[in-house]
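Beneath this line is the structure, given in C-alpha cells, with notes to follow.
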Amino acid sequence: MDKGVARILDANFNRSRESLRVMEDYARFVLNNGQLSGTIKQARHKLREIIEALGGTKLLHGRNTPGDVGTELNASGEMKRTDTTAVVTAACKRVVEGLRVMEEFSKTIPGQAGRQLEQIRYQCYEWEVQLLSRGQNKKKLSEMRLYVLISSELCKKNPLEVARDVLNGGADAIQLREKKMDAGEYLVLAEKMAELCRQENKLFIVNDRPDIAVAAKADGVHLGQKDLKIAQARTVLSSEMVVGVSTHNIEQAKQAVTGGADYIGVGPVFATGTKPSAEPVGVEYVRQVAKEIDLPWAAIGGINLDNLAEVVAAGAKCVAACSAIICSEDPAGITAQFTRRLR
C-alpha cells in the first residue's frame, strides 16, 4: 500500500471513529436513547473491521504525528462550542467528511471497503437528522413553561381553532387527547394540529397512541401508567420523537426516568373534571419532584389561574392545563395570562 494512502486512511479512521463516539455518547447520555446509541456503536465497530481488513496495524507504521504538517492547522472557532447541539453537529459533519476521504482512497486498494464505507456514510446522514431533531425537541422540553391539553369533547369551538388560540397566547406545547374519537378522524385532526405546531415551532404531542403520533408526524407521544411501556412505544416511534409519562408518586417518577422517558407529568395536583376518578396528589408531590427529578416535567391536574401561584411556589416551572383554557370563551386570553405568570 502506498505510504501516503496509509497515512490518509489512518488519520481519517481515527477522525471518523472519534466522531462516531461523540454521536454515540450524545445519543446515550444527552438524549437517553439506547436504540440510537446502540446503532451508532455497531457502525463504529463495523468501521474498525473495515480498517482491519484494509491493513489494520500496518497503517500505524506510516503514522508520524510529530511530523504531520496539519496538526497545527486549526479553523477559526474550532476550539469553542456554544452547546451540546453544536458539539454533535460538528461531529456529524466531521464523520461524513472522514468517511468520504476513506471511501475514495480505499478505491485504490482491491476489495469492497469503498462500498462498505459508503453505506456507513449514508447512515450518518440519517443519524444527523435524528440526533439534531431529537436534540431540538429535548431543548424545547427543557424550556417549556405552558403545556396545553386539547380534547374536542371539552372545546367550546373547533379544536383546531382552539389550538391556534393557545399558540397565539404563548403555549409552548400542545397535546391532543382524544379517548373516544375514531382512529381515522383522530389522525386527520392530529395531522392538522402537527402542521400548525410546526409552523409555530412548538411541540406537538399525541396522547396514548404511538401509531397516530408517527402517522401524524408528531414530536412525540404521552403515555399513562396503564398504556404501553416506554420501550414498547419506542419500537414504533422514530428516533427523534420524545416520550412523556404520567406519574402519580415519586416511585413512578423515578421509574419513568430509568425507563427512558424524556419528560413526565406530575399529578393530578388538584381534583379535575377531566379525570374525576383520579385521586389528587397535592402540591407535596410537586415539591418532591422539584427536589429529586432532573428530567423536564409538568405539573398537571385541576390547575387554573387561581391556584397557579401555589403550584409554582411548590417548585413547578412548567404546568399543563386543560379545562381552565380550552373550556373558556377566550382560550387565547386565558393562555396569555398563564404565560405571563409562568414567565
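General observations
- Neighbour cut-off at most 12 other Cβ (10 Å), DSSP loop, GluC sites (Glu not before Pro), region 241-343: Glu329
- In this structure, the amide hydrogen of Ile264, modeled 1.01 Å from its nitrogen in the peptide plane, lies closer than 5 angstrom to those of Val245, Trp297, Ala298, counting only residues at least 5 positions away or on a different chain.
- Separation of region 1-31 from region 232-292 is 39 Å, based on Cα centroids.
- Spacing of the modelled spin labels on Glu143 and Glu292, each 7 Å from Cα toward Cβ, amounts to 3.1 nm.
- Most mobile listed residue (Ile51, Ile40, Ile109) in the chain, GNM with C-alpha springs under 10 Å: Ile109
- In plain terms, the residue of His222, His248, His45 with the fewest other Cβ atoms within 10 Å comes first and the most crowded comes last, giving His45, His248, His222.
- Summed side-chain charge close to Val88 - residues other than Val88 whose Cβ falls under 11 Å, Lys, Arg +1, Asp, Glu -1: 0
- Between the helical axis of 34-54 and the longest alpha-carbon principal axis of the chain there is an angle of about 10 degrees.
- Gyration tensor (alpha-carbon) shape descriptor, region 1-48, a/c threshold 1.5: prolate
- Based on Cα contacts under 8 Å between residues 6+ apart, the chain shows a relative contact order of 15 percent.
- The chain: angle of helix 250-259 to the longest principal axis, Cα-based, in degrees nearest 10: 30 degrees
- Considering only Ala113, Ala194, Ala320, the mean-square fluctuation computed in a Gaussian network model of the chain, springs between alpha carbons under 10 angstrom, is largest for Ala113.
- Relative contact order for region 144-342: 23 percent, from Cα pairs under 8 Å spaced at least 6 residues apart, divided by residue count.
- Shape of region 144-342, Cα gyration tensor, a/c cut at 1.5: oblate
- Helix 282-292 and the longest principal axis of the C-alpha atoms of the chain enclose an angle of approximately 20°.
- Candidates Leu176, Leu31, Leu308: whichever shows maximal mean-square fluctuation once the chain is modelled as a Gaussian network with Cα springs under 10 Å: Leu308
- Pairwise FRET efficiency - Asp330 versus Ala231, Cβ, R0 = 35 Å, nearest 0.05: 0.25
- Sequence of Thr272, Thr235 once ranked by neighbouring C-beta atoms within 10 Å, starting from the fewest: Thr235, Thr272
- Computed lengthening from Asn249 to Ser277, 0.36 nm per intervening residue step minus Cα-Cα distance: 8.5 nm
- Taking a Cβ cut-off of under 14 Å around Val281, the surrounding Lys, Arg, Asp and Glu residues balance to a net charge of -2, with basic ones at +1 and acidic ones at -1.
All of the numbers you see were taken from the coordinates with simple rules; none came from a lab. These numbers come from a predicted model, not from an experiment. Ideal geometry is used to build each Cβ from the backbone, glycine not excepted, and the neighbour counts take in all protein chains shown.
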